[in-house]
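Beneath this line is the structure, given in structure tokens, with notes to follow.
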Amino acid sequence: MLSAVHSLIDSVGQRLDIPQAVIDQLKAFNKEHAFDITLDNGKSFKAYRMQHNNKRGPYKGGIRYHPDVNLDEVQALATLMSLKTAAVNIPMGGGKGGIAVNPRELNEAELEELSRKYVRHLQPHIGSEKDVPAPDVNTDSKIIDWMVDEFGKLSGAADVASFTGKNIANGGSAGRTAATGRGGVIALAELLRLMGKSDENFTFAVQGFGNVGSYFGTVAEVTNPNWQLVGASDSQAGIQREAGLNATELQEFKADRGRFKDYMSDDTQIISNEDLLGMDVDILVLAGLEDSLTAQNMKNVRAKYIVEMANGPITSEAYDYLTAAGKVILPDVVANAGGVIVSYLEWLQNKNDEHWSEDKVNKQLTDLMEKAVQDMYEAAQQDKTDLKQAAFAMAIKRLTA
């Protein structure tokens with residue numbers, strides 16, 4: 001995954017005539033932390049925090065708990081976060097963290113111990129002016145609250161801005177839970193407006209109807225009634241209904257730990273995840289994990305528009321093929337930046353000892369996201385390139401200026 005990110009940075013850097021030495025410096029990490037965490041019961045886990053680039057502000061990036069977490073993945077995601085914060089023009093840098101663990105195999109006491117020991121190792125290297133972590137895959141506000149508490153105990157002073165994604169009562173921001181999904185809807189709506197297609201009717205399918213994908217669906221349902229959800233999937237199965245699906249009902253079904261393989265409704269078909277990727281829809285939303293579209297399934301995609309709500313959901317080979325085939329791909333460094341934008345807004349509120357209304361947060365998110373899409377689209381038109389190349393070029397210019 002990291003090699004694919006570096007390859008794209010190299011190609012964009014060459015097109016911009018940026019000296020290779022400057023590009024190599026951009027690819028390098030400021031600091032890398034790889035360590036083991038051993039619980040009191042003897043269970044041991046690999047842990048990471050990659051601090052890629054802080055030229056524009058404190059490192060920013062989530063912490064994920066997943067069995068497949070590894071050094072290459074965390075390095076790639078940290079690099080993408082540097083590009084993402086630059087692409088949407090917020091004053092933060094790029095970082096990423098993770099622990100190779102299945103949190104469902106730990107009880108709550110073990111999970112808390114793991115989270116606190118992660119902070120104990122990193123405490124000298126993080127903080128509101130150094131590195132501001134946030135939740136990611138399989139982490140949430142409860143875990144972040146433990147981390148903030150541990151950081152405060154170790155540093156001897158409360159610093160609520162040291163982490164984002166906290167509970168509202170502990171300094172979290174209104175609108176944070178839905179931010180990534182909402183940001184994707186805002187970005188897609190703005191792109192379609194710029195393309196002169198705002199008034200058209202669209203069908204869409206969401207691969208990965210978890211936190212991000214479900215909020216993409218529920219926000220779109222309210223703000224863009226001319227978009228109709230007709231397919232959704234989780235890790236085990238998908239569902240489709242030509243007459244349309246109710247995103248709010250599906251979100252409630254998933255919140256009750258429902259699995260789409262068990263979903264029962266009139267005129268709804270159970271399909272595979274791969275079937276969903278090949279559905280005859282206008283818009284395909286990729287909100288699962290990385291590498292969802294590959295050389296093996298890229299030719300099955302029928303959607304005209306693809307939205308990268310996950311990080312790196314399309315491999316390089318698949319991206320080249322789909323772009324050549326005329327697909328419009330809204331890239332992850334802009335499409336899924338809603339989460340980091342609202343994390344930045346939470347950090348800003350904490351620094352200023354303020355708490356904004358959800359309307360104010362969403363207004364700021366909308367302004368920042370729409371401006372990023374406008375900048376990206378304009379750059380793509382001027383340079384006669386695709387949106388991802390344009391977004392990377394925009395970010396790299398800001399990081400190397």
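Within the range 56-131, list the GluC sites (Glu not before Pro) lying in a DSSP loop whose Cβ has at most 13 other Cβ atoms in a 10 Å radius. Of the GluC sites (Glu not before Pro), the ones in loops of the range 56-131 whose Cβ has at most 13 other Cβ atoms within 10 Å are 129. The Cα center of the range 28-58 and the Cα center of the range 206-221 differ in position by 30 Å. Size of the chain: Rg and Dmax of its alpha carbons, in Å, are 20.3, 60.
For residue 254, the aspartates and glutamates whose Cα comes closer than 13 Å to its Cα, not counting residues fewer than 8 places off in the same chain, are 234, 262. With contacts taken as Cα pairs under 8 Å at a separation of at least 6 residues, the chain carries a relative contact order of 17 percent.
Rounded to the nearest Hz, the phi-derived 3J(HN,Hα) couplings of the range 8-18 under the Karplus curve 6.51 cos²θ - 1.76 cosθ + 1.60 (θ = phi - 60°) are 5, 4, 4, 5, 5, x, 5, 5, 8, 6, 7, where x marks glycine and proline. Between residue 29 and residue 363, full extension at 0.36 nm per residue minus the direct alpha carbon distance yields a gain of 116.9 nm.
For a paramagnetic label modelled on residue 22 (point 7 Å from Cα along Cα→Cβ), amide N atoms under 18 Å away belong, within the range 66-102, to 83, 86-87. Looking at the chain alone, DSSP beta bridges between its own residues are antiparallel in about 45 percent of cases. Rounded to the nearest Hz, the phi-derived 3J(HN,Hα) couplings of the range 71-79 under the Karplus curve 6.51 cos²θ - 1.76 cosθ + 1.60 (θ = phi - 60°) are 4, 4, 4, 5, 4, 5, 5, 5, 5, where x marks glycine and proline. Across the options 198, 6, 44, the greatest Cα extent toward the positive end of the charge dipole of the chain (unit charges at beta carbon of Lys, Arg, Asp, Glu) belongs to 6. Counted residue by residue at 0.36 nm each, then reduced by the alpha carbon distance between them, the extension gain from residue 385 to residue 46 reaches 118.0 nm. Roughly speaking, what is the centre-to-centre gap between the range 364-400 and the range 239-275 when only Cα atoms are used, to the nearest Å? The range 364-400 and the range 239-275 have Cα centres spaced 35 Å from each other. Stretched out straight at 0.36 nm per residue, the stretch from residue 353 to residue 302 would grow longer than its current Cα-Cα span by 13.5 nm. Across the cross-link table entries 197/388; 27/351; 60/197, which are compared at the Cα atoms, the separations over 32 Å belong to 60/197. Whole-Hz Karplus values for the range 174-185 come out as 4, x, 5, 4, 8, 4, 5, x, 4, x, x, 5 Hz, taken residue by residue from phi with 6.51 cos²θ - 1.76 cosθ + 1.60 and θ = phi - 60°; glycine and proline positions read x.
Computed from the Kirkwood radius of its Cα pairs, the Stokes-Einstein diffusion coefficient for the range 31-170 at 20 °C and 1.002 mPa s stands at 145 µm²/s. Our analysis of the range 179-335 gives Rg over Rh at 0.93, with the two radii drawn from alpha carbon positions and Rh computed by the Kirkwood formula.
The Cα center of the range 313-333 and the Cα center of the range 84-99 differ in position by 22 Å.
Here's the picture: a label point sits 7 Å out from the Cα of residue 267 along the beta-carbon direction, and within the range 215-259 the residues with their amide nitrogen under 15 Å of it are 228-231, 240-247. Since only 181, 248, 362 are under comparison, the one whose Cα sits farthest along the positive direction of the charge dipole of the chain, derived from C-beta charges on Lys, Arg, Asp and Glu, is 362. As a rough footprinting exposure proxy, the listed residues 29, 163, 260, 392 were ranked by other beta carbons within 10 Å of their own, and the order from fewest upward is 29, 260, 392, 163.
The distance between label points at residue 248 and residue 170 comes to 3.0 nm (points 7 Å beyond Cα on the Cα→Cβ vector). Note on the chain: with a GNM built from Cα contacts shorter than 10 Å, the maximum mean-square fluctuation among 390, 335, 34 falls on 34. Placing a pseudo-label 7 Å from each Cα along the Cα-to-Cβ vector at residue 378 and residue 193 gives an inter-label distance of 1.5 nm.
Are any of the pairs 55/166; 166/299; 43/142; 31/327 more than 32 Å apart by Cα-Cα distance, and if so, which? Long pairs (Cα-Cα over 32 Å): 166/299; 31/327. From helices alone, the chain scores -14000 deg cm²/dmol at 222 nm; the rule is -39500 (n - 2.57) for each run of n ≥ 4 DSSP H residues, then divide by the residue total.
Since every read-out is calculated from the coordinates, none of them should be taken as a lab result. Bear in mind that the values here come from a model prediction, so they are computed numbers and not experimental data. With ideal geometry, Cβ positions are generated from the backbone for all residues, glycine too; neighbour counts draw on all protein chains shown.
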